[in-house]
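Participant: The structure's right below; bear with me while I get my questions together.
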Amino acid sequence: MHYVISDIHGQITEFKNLLEKIDFDGIRDKMIIAGDVLDRGNYGIELIKYIEPYIETGSMKILMGNHEMFCLNYLDGKLDDFTYKLFGGAGTIKSLNKMTKESKENLYIFLKNLPIYEEIRTKYGETVVTHSGLSANCIIFNKDKTINVVKSIEAAADINLYDFLLSDDIHRMEEYDLNRLDKFLIVGHVPVMNLNDDESNHIYRATGYMCIDTGASFVEKGGAVSCYCVEADEQIYL
């Protein structure tokens, strides 16, 4: 089976329990993690370490989210403690302070090389998984006037990766433009409780894309750890 999950935010126990619930097999199954493994929760670094063996065997892949970018900027000295804590990085900072210089350098290299999207096949056809979606000011068109999703993502990331990872523009795009996407999109980044009219934690489905960030770090607001099963076209909740 193939699964997609996003915005786990350091919820390592819940993530392990979810893997147990879906009977995840590192040989048989595949999982794409669409960014934001880090921050908000206290065990983002530990979660990456837990996932690393799955990455090495090819059964899991982490994409870059804005919180991985925050951590990179913190390690780079571009983000100070106070600001990073405001962004939800307090738990991550505690973990980093326990790491050796070499371990932090290895983490930096790992985060720096995270891909920003992954292409898969779903019932919706050719599909692109990415953290935030699209940037409205960087849309690339095909000759037939459809929107080239991959080229638009690559161009936005090349111009300003930070802004791209923070963008929520896809949720404000006109229906006309969403109908012109040449590939379906699966995104995270914005908790679905902020998108669904009933403020539920059900995945948000719209023309041309779906959002699967079910608010793992916002349990008090009805959020939950969950993953999307590609074959079943359904969200599985812990």
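The values are calculated or read from the model by the stated rules, or taken from the named source; none is laboratory data. Every value quoted in this text rests on a predicted model; they were computed, and no experiment measured them. As a convention, Cβ positions derive from the backbone with ideal geometry for all residues, glycine included, and neighbour counts pool all protein chains shown.
Participant: Just to verify a result, which residue in the stretch 181-210, among those that are part of a strand (DSSP E or B) and touching a residue at least 60 places away in the same chain (Cβ under 8 Å), is surrounded by the fewest Cβ atoms within 10 Å (Cβ to Cβ)?
Facilitator: The residue in question is F184.
Participant: May I pose another question? Kindly indicate the residue of the stretch 60-93 that is surrounded by fewer than 20 Cβ atoms within 10 Å (Cβ to Cβ) and within 23 Å of N17 (Cβ to Cβ) and also farthest from the chain's Cα centre (by Cα) among those meeting that condition.
Facilitator: G88
Participant: Also, quick follow-up: Tell me, yes or no, whether the stretch 128-137 has at least one residue that is modelled with pLDDT of 95 or more, among the hydrophobic types (A, V, I, L, M, F, W, C) and part of a strand (DSSP E or B).
Facilitator: Yes, some residue in the stretch 128-137 is modelled with pLDDT of 95 or more, among the hydrophobic types (A, V, I, L, M, F, W, C) and part of a strand (DSSP E or B).
Participant: Restricting attention to the stretch 44-59, and to residues there that are crowded, with 22+ Cβ neighbours inside 10 Å and either in contact with a helix residue (DSSP H, G or I) (Cβ under 7 Å, 6 or more places away or on another chain) or polar (S, T, N, Q) (or both), which single residue is farthest from Y3 (Cα to Cα)?
Facilitator: That would be I45.
Participant: For the stretch 164-175, does any single residue satisfy the condition of being touching a helix residue (DSSP H, G or I) at 6+ places or on another chain (Cβ under 7 Å) and without any contact (Cβ under 8 Å) to a residue 24 or more places away in the chain?
Facilitator: Within the stretch 164-175 (the criterion being touching a helix residue (DSSP H, G or I) at 6+ places or on another chain (Cβ under 7 Å) and without any contact (Cβ under 8 Å) to a residue 24 or more places away in the chain), the answer is no, since none of the residues qualifies.
Participant: Does the stretch 141-167 hold any residues that are loosely packed, with under 15 Cβ neighbours inside 10 Å and either under 30 Å from N73 (Cα atoms) or of a type in the set (S, T, Y) (or both), and which are they?
Facilitator: Hits for the stretch 141-167 are T146, D158, I159, N160, Y162.
Participant: For the stretch 33-58, name all the residues that are closer than 18 Å to I212 by Cβ and either touching a strand residue (DSSP E or B) at 6+ places or on another chain (Cβ under 9 Å) or without any contact (Cβ under 8 Å) to a residue 24 or more places away in the chain (or both).
Facilitator: I33, A34, G35, V37, I51, listed by residue number.
Participant: Is there any pair linking a residue in the stretch 142-161 that is outside any loop (DSSP other than H, G, I, E, B) to one that is surrounded by fewer than 14 Cβ atoms within 10 Å (Cβ to Cβ) and modelled with pLDDT of 95 or more, with Cβ under 7 Å and at least six apart or on different chains, and which?
Facilitator: I147/F141
Participant: Residues that are over 26 Å from A232 (Cα atoms) and of a type outside the set (V, I, T): which helices (runs of 4 or more DSSP H) entirely in the stretch 1-116 hold 2 or more of them?
Facilitator: 44-57, 66-76, 81-86, 90-97, 101-112
Participant: Cβ-Cβ below 7 Å, separation at least six or inter-chain, first residue in the stretch 114-138 and under 14 Å from L166 (Cα atoms), second assigned to a strand (DSSP E or B) and of a type in the set (F, W, Y): which pairs?
Facilitator: From the stretch 114-138, the pairs are T130/Y117; G133/Y209.
Participant: Follow-up. Please identify the pairs in which a residue from the stretch 222-238 that is free of Cβ contacts under 8 Å to residues at least 40 places away in the same chain has its Cβ atom under 7 Å from the Cβ atom of a residue that is among the aromatic types (F, W, Y), counting only partners at least 6 apart or on another chain.
Facilitator: Correct list of pairs: A224/Y237; Q235/Y228.
Condition check ((1) of a type outside the set (G, A, S); (2) within 25 Å of L185 (Cβ to Cβ); (3) modelled with pLDDT of 95 or more) across all residues:
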| position | (1), (2), (3) |
| --- | --- |
| G35 | no, yes, yes |
| I45 | yes, no, yes |
| E52 | yes, no, yes |
| S59 | no, yes, yes |
| M64 | yes, yes, yes |
| C71 | yes, yes, yes |
| I93 | yes, no, yes |
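Participant: Among the residues of the stretch 218-234, which ones are modelled with pLDDT of 95 or more, closer than 15 Å to I8 by Cα and outside any loop (DSSP other than H, G, I, E, B)?
Facilitator: Passing the criteria: S226, C227, Y228.
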